[in-house]
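The values are calculated or read from the model by the stated rules, or taken from the named source; none is laboratory data. These numbers come from a predicted model, not from an experiment. Reconstructed Cβ throughout: ideal geometry from the backbone, glycine too, with neighbour counts over all protein chains shown.
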Amino acid sequence: MQLTENSLQVFKTNTSENKIIVNILCTKLKKYLDQKILDIGAGTGDIAFLAFPEIEAILIDILEFRNFPISNRHKRIKADFFDIAYQFKNFNGTILLSHSIQYLDNRYDDLIAAINLINSKTLITVTNINTGFFGIFIDWVLINLPDTNPEVSLRGFPESCCYSKIESVVISAHVSEISFNKLAKLAAYLIDTSNPTYIDKIESFMRQNLQNPSFEIMQSIDVYKKG
C-alpha cells in the first residue's frame, strides 16, 4: 500500500468528494445513521466528524492521522482491520466503508469472513462507478500499469455476506489541478502508486485524453440491510 497521510490530504484538498459524501449522509441517508457506527478505513476522520459527530463511532485506519480532529463521541483506532475485526463480533450498529474496500479486496476471503463475523444489520459503502473518462483511465491502468491498486467493483460483495441493497445515491466528484503533472500525481494516489515512471505515463495519457487538468469521478453511496 502506497497511501500516506500526506497523499490523502493532498487529494482531499483538490476534490469535492468528501463534502458531497457528507452532505448525502446528513440529508438523504441520515435515517441510516441512528446507531453506533464502525467506520472501516476512516482516513482523517473528516466524514465522521462532519456527518455524524453526535453518534458514537469507532474510526479504524492503518494510518494514525493524530493531527486531525474527531468528535468526543468518536474513538480512533490505528490498526490493520483484519487484526481486530474479531473485537466487533455481532456489532450492534452500522458499518461504513467509504472508499476503503480498495485497500481490503486483496484479502477477499478474509474480508468476507470479517464482515460475516461483525454481522451488522446495516452496511453503507461508497465506491467509484468508473464510467466516462475515469472508467477509460482505469481500464488503461489495468492493462498498462501493473502492481497498482485501482478501486474496481468487487463482484458479489457485500451480497455474498447476505446483504441486500435498499437505497443508492449516485454522486459526481470533481478532481482538478493547475497542471497535468499535478493532476497525474492525484490520479496516481487513486490507483495507490507513487512510482515516478507511472506518474509520467499517467501525465502523458491525460494530456492525450483531456483538454484541461480536471475530470469527474462518478460514485455510488449504497445502503445494504442484512437478510
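Points worth noting:
- Residues that are in contact with a strand residue (DSSP E or B) (Cβ under 7 Å, 6 or more places away or on another chain), basic (Lys, Arg) and not in a helix (DSSP H, G or I) are absent from the stretch 89-97.
- Take the conditions (1) surrounded by 15 or more Cβ atoms within 10 Å (Cβ to Cβ); (2) in contact with a strand residue (DSSP E or B) (Cβ under 8 Å, 6 or more places away or on another chain); (3) within 23 Å of MET218 (Cβ to Cβ); (4) not small (Gly, Ala, Ser); PHE157 misses just one of them, which is (2).
- Within the stretch 52-78, residues that are in a loop (DSSP other than H, G, I, E, B) sit with their Cβ atoms under 6 Å from residues that are among the hydroxyl-bearing types (Ser, Thr, Tyr), at 6+ positions apart or across chains, in these pairs: PRO53/SER71; PHE65/THR44; PHE68/THR44.
- Matching residues, the stretch 67-98, being out of contact with any Leu (no Cβ under 8 Å at 6 or more places or on another chain), modelled with pLDDT of 95 or more and under 19 Å from ILE21 (Cα atoms): SER71, SER98
- Subset of the stretch 121-153 [closer than 25 Å to PHE52 by Cα, in contact with a helix residue (DSSP H, G or I) (Cβ under 8 Å, 6 or more places away or on another chain) and not β-branched (Val, Ile, Thr)]: LEU123, ASN128
Every residue, every condition in (1) more than 18 Å from the chain's Cα centre (by Cα); (2) of a type in the set (Phe, Trp, Tyr), yes or no:
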| site | (1), (2) |
| --- | --- |
| LYS30 | yes, no |
| LEU38 | no, no |
| GLU56 | yes, no |
| PHE68 | no, yes |
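- Exactly one residue out of ASP200, ASP222, ASP192 is closer than 18 Å to ILE20 by Cα and either outside any loop (DSSP other than H, G, I, E, B) or not small (Gly, Ala, Ser) (or both): that is ASP222.
- First in the stretch 94-105 and more than 8 Å from ILE40 (Cα to Cα) and among the aliphatic types (A, V, I, L, M), second anywhere and part of a loop (DSSP other than H, G, I, E, B) and at pLDDT below 95, Cβ under 6 Å, 6 or more apart: ILE101/LEU154
- When residues in the stretch 215-227 are screened for being surrounded by 18 or more Cβ atoms within 10 Å (Cβ to Cβ) and more than 24 Å from LYS31 (Cβ to Cβ), 2 of them pass.
- Any hit, the stretch 119-127, residues being over 18 Å from ASP39 (Cβ atoms) and of a type in the set (Ser, Thr, Tyr): no
- Contacts under 8 angstrom Cβ, first residue in the stretch 185-199 being surrounded by fewer than 21 Cβ atoms within 10 Å (Cβ to Cβ), partner basic (Lys, Arg), 6 or more apart: ILE199/LYS185
- The combined condition, being under 26 Å from ASN18 (Cα atoms), among the small types (Gly, Ala, Ser), in a helix (DSSP H, G or I) and out of contact with any Ser or Thr (no Cβ under 6 Å at 6 or more places or on another chain), is not fulfilled by ALA113.
- Here ILE178 fulfils each of the conditions (1) closer than 21 Å to VAL126 by Cα; (2) at pLDDT below 95; (3) out of contact with any strand residue (DSSP E or B) (no Cβ under 7 Å at 6 or more places or on another chain) apart from (1).
- Test: residue in the stretch 140-148 that is crowded, with 20+ Cβ neighbours inside 10 Å, in contact (Cβ under 8 Å) with a residue 24 or more places away in the chain and of a type in the set (Phe, Trp, Tyr): no
- On inspection, ILE95 fails the criterion of being among the hydrophobic types (A, V, I, L, M, F, W, C) and over 19 Å from ILE166 (Cα atoms).
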